[in-house]
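Here's the structure, in structure tokens; my notes come after.
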Amino acid sequence: MRRRLPEKRHDVTPVKPPSRGALVLGLIPFGAMCFSVALWDRVDPMILGIPFNLAWLILWIPLSTLCLWAAYRLERK
Amino acid sequence: MSARAVSLAMILGIIALGSAIGFLAGARRKMDLEQWTVGGRGFGAALVYLLMAGEVYTTFAFLGASGWAYSRGGPALYIMAYLTLAYVVSFFILPPIWEVGRKYGLQTQSDFFRMRYGSKYLAAFVCAVGVAFLIPYLQLQITGLGIIVSIASFDGIGRTPAMAISVALLTAFVLAGGVRAVAWVSVLKDILMVVAAVAIGIGIPYIRFSGIGPMFAALARARPAHLTMPGATPNLGHTWFISTVLLTSLGFYMWPHAFASTFTAKSAGTLRRNAVLMPLYTITLAFIFFAGFTAVLAAPGLANGDLALLTVVRKSFSAWFLGLIGGAGALTAMVPAAVFTLTAATLFAKNLWRPIFAPEMTDDQVARVARLSVVVLSLVSLYFAVYSSTTLVSLLLLGYAGITQFFPGVVLGLYWKRASSPAVFAGMIAGVGAVVFLFLTHRDPYRGWSAGFIGLCLNFSIAATLSLVTRPNGEL
């Protein structure tokens with residue numbers, strides 16, 4: 001059975017904020033795939049026949065998983 | 001059998017198989033509201049992964065992403081960046097959302113706002129905005145289905161009847177199965193989708209140019225500007241890229257259905273582990289881009305880029321394979337569309353209709369209103385799909401511009417004691433207002449910036465500033 005939601009507001013804070021190390025690890029993919037676009041948005045040199053910008057993003061998919069995995073290890077401690 | 005009959009039979013067979021799985025999954029359980037919407041809150045990692053992946057890889061990724069690679073070029077890369085970064089964001093915000101969700105028995109996004117800010121009007125507003133901006137996303141899926149069926153029939157079935165048939169099927173599917181049905185059909189859909197994407201992403205460049213490398217080399221020679229930003233567009237440059245990637249990656253889990261799917265998880269750890277693995281799924285997109293870029297030279301001159309992928313498949317493969325791709329594509333439209341209608345209908349019934357108009361309704365009555373809303377929503381989206389002609393990506397960006405306006409309210413609400421109801425309400429109204437104004441006056445992007453991002457900045461600054469001058473409970 002579903003409980004009726006209470007009428008009054010609930011202070012959910014403090015939700016435990018993520019650790020600083022995890023946050024930094026999370027910002028790395030943002031730097032690489034978003035803010036630095038002007039640096040990697042070009043066709044040459046092609047990597048394995050793929051334009052550099054597309055190859056760069058493909059490379060950063062597993063690297064992002066790596067960053068998050070490290071953040072996961074950090075958060076679990 | 002004619003080519004048309006073969007490809008259509010393939011598509012219908014796949015849709016029928018998908019629906020059968022859905023009906024079986026939903027059949028033996030008693031469907032109360034909690035079971036229908038959050039699956040009894042007991043999905044483990046595998047099922048949550050499937051449900052979330054099922055919602056992400058919509059016909060947008062399939063036809064829309066290849067369509068933009070074809071018609072816009074470089075700017076399409078934003079899709080790959082934003083999907084990956086969305087999971088990075090999810091790593092940090094989903095576990096706390098899940099925690100408070102379990103503590104207070106939340107089922108929807110609007111419930112979260114109601115619980116945190118204690119205002120039923122704010123909660124109803126969140127709900128109304130969520131439903132309104134889900135409609136373009138739903139419209140996108142229906143448009144995609146129409147494209148698939150009509151191309152696979154070698155233009156024998158018109159787009160409009162194709163869309164009407166899909167909507168009827170979809171509605172039946174949602175009403176019978178609920179969320180559990182959707183998760184299980186995702187299994188079939190994801191397998192087909194990955195196989196289809198890899199097959200066409202490697203196969204088409206190979207058939208047309210004898211390889212991916214030669215294809216890109218030929219494209220770089222023939223259309224040197226196409227592969228970088230702004231590509232074939234006048235104004236989608238780096239500023240647009242950054243602002244759009246931020247908007248969409250922050251907004252990704254603000255979609256009411258994505259937000260609610262958090263509550264189906266068994267634990268916060270499930271969500272963290274999911275976030276670590278989900279980016280890998282984005283690699284599929286690379287193959288879809290390969291196919292879209294191949295179409296630039298292999299199928300030039302299409303009026304609508306969204307037709308590019310299937311047109312080039314039709315030109316390169318035999319009919320049964322076109323049918324297989326079409327069937328995979330049809331499921332990638334139907335599964336998410338089912339989730340969207342389910343979410344929007346529940347939201348409307350539970351968080352808008354009941355609290356504002358009929359507070360004494362029982363849960364059973366709410367479930368009945370929700371089922372009725374499923375039908376209404378499908379018809380509204382069908383109407384828009386028939387009478388508009390925007391590209392699939394533009395529809396999605398319109399949706400994001402709206403729903404990302406929830407982000408400040410969610411994040412400030414989770415981490416900042418002072419965030420107050422009037423401040424968040426005012427910020428959200430300003431953000432949504434700015435977005436609606438910029439879109440209606442055709443100012444997206446505005447001076448190179450994504451309109452939704454401008455709304456988000458306005459929203460955030462207003463919410464933060466007003467929170468500082470109001471007391472946490474909203475009094476001045």
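Some notes on this structure:
- Here the contact order of chain B, divided by its residue count and restricted to Cα pairs under 8 Å and six or more residues apart, works out to 31 percent.
- Volume in Å³ per residue [convex hull over Cα atoms, computed for chain B]: 128 Å³
- Each semi-axis of the equivalent ellipsoid for the stretch B:155-290 is √(5λ) with λ an eigenvalue of the Cα gyration tensor; in descending order they amount to 33, 24, 18 Å.
- Accessible carbon and sulfur surface of the stretch B:365-471 relative to its total accessible area, %, 1.4 Å: 71 percent
- From the C-alpha gyration tensor of the stretch B:286-328, square roots of 5λ in Å: 17, 11, 9
- Compactness of the stretch B:116-176 - radius of gyration and Dmax, Cα, Å: 16.7, 55
- Length available on full extension from residue B:443 to residue B:198: 0.36 nm per residue minus the Cα-Cα distance, which gives 84.5 nm.
- Computed on the stretch B:60-105, the Cα convex hull volume stands at 78 Å³ per residue.
- Cut-off under 5 Å, modelled amide H: who pairs with residue A:47 long-range: A:52
- The stretch A:20-76, relative contact order [Cα under 8 Å, separation at least 6], %: 49 percent
- Computed from phi, the 3J(HN,Hα) profile of the stretch B:188-201 under the Karplus parametrisation 6.51, -1.76, 1.60 (θ = phi - 60°) reads 4, 4, 5, 4, 4, 5, 5, 4, 4, 5, 5, 4, 7, x Hz, with x in place of Gly and Pro.
- Approximate spin-label separation residue B:23-residue B:172, in nm, with each point projected 7 Å along Cα-to-Cβ: 0.7 nm
- Amide proton proximity set for residue B:231, modelled H, under 5 Å, gap of 5+: B:74
- Size of charge dipole - the protein assembly as shown - debye, nearest 20, with Cβ of Lys, Arg +1 and Asp, Glu -1, no other charges: 1040 debye
- Residue B:363 exposes around 40 Å² of accessible area when a 1.4 Å probe is run over every protein chain in place.
- Rg/Rh (Cα only; Kirkwood hydrodynamic radius) as it applies to the protein assembly as shown: 0.95
- Peptide B:214-223 shows a mean partner chain C-beta count of 2 within 10 Å per residue C-beta.
- Cα convex hull of the stretch B:281-379, projected area averaged across orientations, nm²: 9.4 nm²
- Note that the stretch B:122-132 has calculated 3J(HN,Hα) couplings of 4, 4, 5, 5, 4, 5, 5, 5, x, 5, 4 Hz, one per residue in order, obtained from phi through the Karplus relation 6.51 cos²θ - 1.76 cosθ + 1.60 (θ = phi - 60°); glycine and proline are x.
- For the stretch B:385-422 versus the stretch B:194-208, the gap between their alpha-carbon centres in whole angstrom: 34 Å
- FRET E, pair residue B:222, residue A:73, Förster distance 56 Å, beta-carbon r, rounded to 0.05: 0.75
- Rounded percent of accessible protein surface that carbon and sulfur make up, the stretch A:20-76, 1.4 Å probe: 74 percent
- The stretch A:20-76 - Kirkwood radius from inverse mean 1/r over Cα pairs (Å): 12.1 Å
- Accessible solvent surface per residue of the stretch A:20-76, calculated while the other protein chains remain in place, 1.4 angstrom probe, Å²: 49 Å²
- Projecting the Cα atoms of B:89, B:256, B:271 onto the dipole axis of the protein assembly as shown, where Lys and Arg carry +1 and Asp and Glu carry -1 at the beta carbon, places B:271 farthest toward the positive end.
- Buried solvent-accessible surface, both chains (B, A), 1.4 Å probe, Å² to nearest 100: 4700 Å²
- Cα→Cβ-extended label distance, 7 Å offset, between residue B:16 and residue B:386, nm: 2.7 nm
The values are calculated or read from the model by the stated rules, or taken from the named source; none is laboratory data. What you see is a predicted model; the values in this text were computed from it and never measured. All Cβ positions, glycine included, derive from the backbone under ideal geometry; neighbour counts span all protein chains shown. The accessibility values were calculated without ligands, DNA or RNA, using every heavy atom of the protein model including side chains. Shrake-Rupley method; radii C 1.70, N 1.55, O 1.52, S 1.80 Å.
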